[in-house]
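Engineer: This structure is in structure tokens; I'll ask about it shortly.
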Amino acid sequence: MTWILGIQGPQGCGKSTLASALVEEWGRSGVRATAVSIDDFYLTHAEQEALASSHPGNPYLLYRGYPGTHDVALGRRTIDALASLGIAESTDVPAYDKSAHRGRGDRVPASAWRRVTGPVDVLVVEGWMLGFTPVDASAETLAVDPTLRAPNEYLEAYRAWHERLDAFVHMRVDSLDTVVRWRVDSERARRERGETALSDEDARDYIERFMPAYRLWGPQLCAHPPCSEFIVIELAEDRSLRPRDAVQRILRTAPRQG
């Protein structure tokens, strides 16, 4: 049976890096592991435009990112397909091109999806809003900013992902200001390498669009984790993990194979 680990943390904190490190470490010990990002379950460009049109004036549903902008059913099918793979069986994992349509993004053609061959002992699912659940409709924040009501309602469907998780890692930062700095620094580094990247102002504007989500749904994640095996990792400003043996601690959480 496939053991499924969820990883949540703010953009730019190193979720993908942690997932890759875990998969590599498990591989060294003979554990067959793979990882997927919920980013690859975003709606197609056409579907995202239709969603935005159905919520005129809602800044949170205009572009990809917030609850409601993922194909939850596609994510559920992908997770289930990976978890049920037998020996020599394979399935294709969706991929998303964030650079398509001048940075608005689009799902890549199915012919270019990544193929995974089973069996899979451990599956890692990572994403910035994984584990978030809707707050009560009477929450003060929803009254102050009614445009958050629709994303909050869309969150209910994401329970289909959470109920498949056996353990969960929450990567926590002391201040959301750190998340903004990480994004700005990341775009600066890309510009210095000669790559197309956002200006400091645009990078700050982009990432600050997600701050209401962290403030609204973040506290609920810690108060009501998606599963009983809940691990909290603290992130320093340089993205280093605390405790230092965080990776080994997670590795020990997985059941022994064989």
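Engineer: How much of the accessible area of region 79-157, in percent, comes from carbon and sulfur atoms when a 1.4 Å probe is used? If you can, show how the numbers build up before the last one.
Structural biologist: Details: 1980 of 3870 Å².
Here carbon and sulfur together make up 51 percent of the probe-accessible area.
Engineer: Consider the candidate values [x] 20.7, 76; [y] 18.2, 54; [z] 26.0, 77; state which one is Rg and Dmax of the Cα atoms in Å computed from the structure displayed.
Structural biologist: [y]
Engineer: In degrees from 0 to 90, rounded to the nearest 10, what is the angle of the helix 211-223 Cα long axis to the longest principal axis of the chain?
Structural biologist: 40
Engineer: So which trypsin sites (Lys or Arg not before Pro) in region 139-209 end up in coil per DSSP with only 10 or fewer other C-beta atoms within 10 Å?
Structural biologist: Here the sparse-neighbourhood loop sites are ARG193.
Engineer: Determine the gain in length on full extension of the stretch SER99-ASP205; use 0.36 nm per residue of separation and subtract their C-alpha separation, reporting nm with one decimal. Walk me through the numbers before you get to the answer.
Structural biologist: Details: separation 106, 0.36 × 106 = 38.16 nm, distance 1.81 nm.
Gain in length upon complete extension: 36.4 nm.
Engineer: Identify, among THR117, GLY6, SER54, the residue whose Cα sits farthest towards the positive end of the charge dipole of the chain, taking +1 on the Cβ of Lys and Arg and -1 on the Cβ of Asp and Glu, with the dipole about the Cα centre.
Structural biologist: THR117
Engineer: For region 167-235, state the average projected area of the convex hull of the C-alpha atoms over all orientations, rounded to one decimal in nm². List each step's numbers first, then the result.
Structural biologist: Values: hull surface 22.0 nm².
The number I arrive at for region 167-235 is 5.5 nm².
Engineer: For LEU251 and ALA110, what is the calculated FRET efficiency with R₀ set at 45 Å and r taken between the beta-carbons, to the nearest 0.05? Numbers along the way, then the final one.
Structural biologist: Working: r = 33 Å, r/R0 = 0.74.
Step by step, r from the Cβ atoms, then E = 0.85.
Engineer: In Å², and per residue, what accessible area does region 91-193 have when probed at 1.4 Å with the other protein chains present? If you can, show how the numbers build up before the last one.
Structural biologist: Values: 5070 Å² over 103 residues.
I get 49 Å² per residue for this part.
Engineer: What is the list of residues in region 74-102 whose amide nitrogen lies under 12 Å from a point 7 angstrom out from the Cα of THR196, following Cα to Cβ?
Structural biologist: Under 12 Å, as judged by backbone N against the label point of THR196, lie 98-102 of region 74-102.
Engineer: Local charge sum around ILE233 (other residues, Cβ-Cβ under 12 Å, Lys/Arg +1, Asp/Glu -1)? Intermediate results must be reported in sequence, preceding the final value.
Structural biologist: Details: positive: LYS15, ARG172, ARG239, ARG242, ARG244, ARG249; negative: GLU234, ASP245.
Neighbour charge sum, excluding ILE233 itself: +4.
The values are calculated or read from the model by the stated rules, or taken from the named source; none is laboratory data. This one's a predicted model, so the numbers in the text were calculated from it and none came from an experiment. Every residue, glycine among them, receives a Cβ derived from its backbone with ideal geometry; neighbour counts consider all protein chains shown. Just the protein is used for accessible areas: all its heavy atoms, side chains included, with ligands, DNA and RNA removed. Shrake-Rupley method; radii C 1.70, N 1.55, O 1.52, S 1.80 Å.
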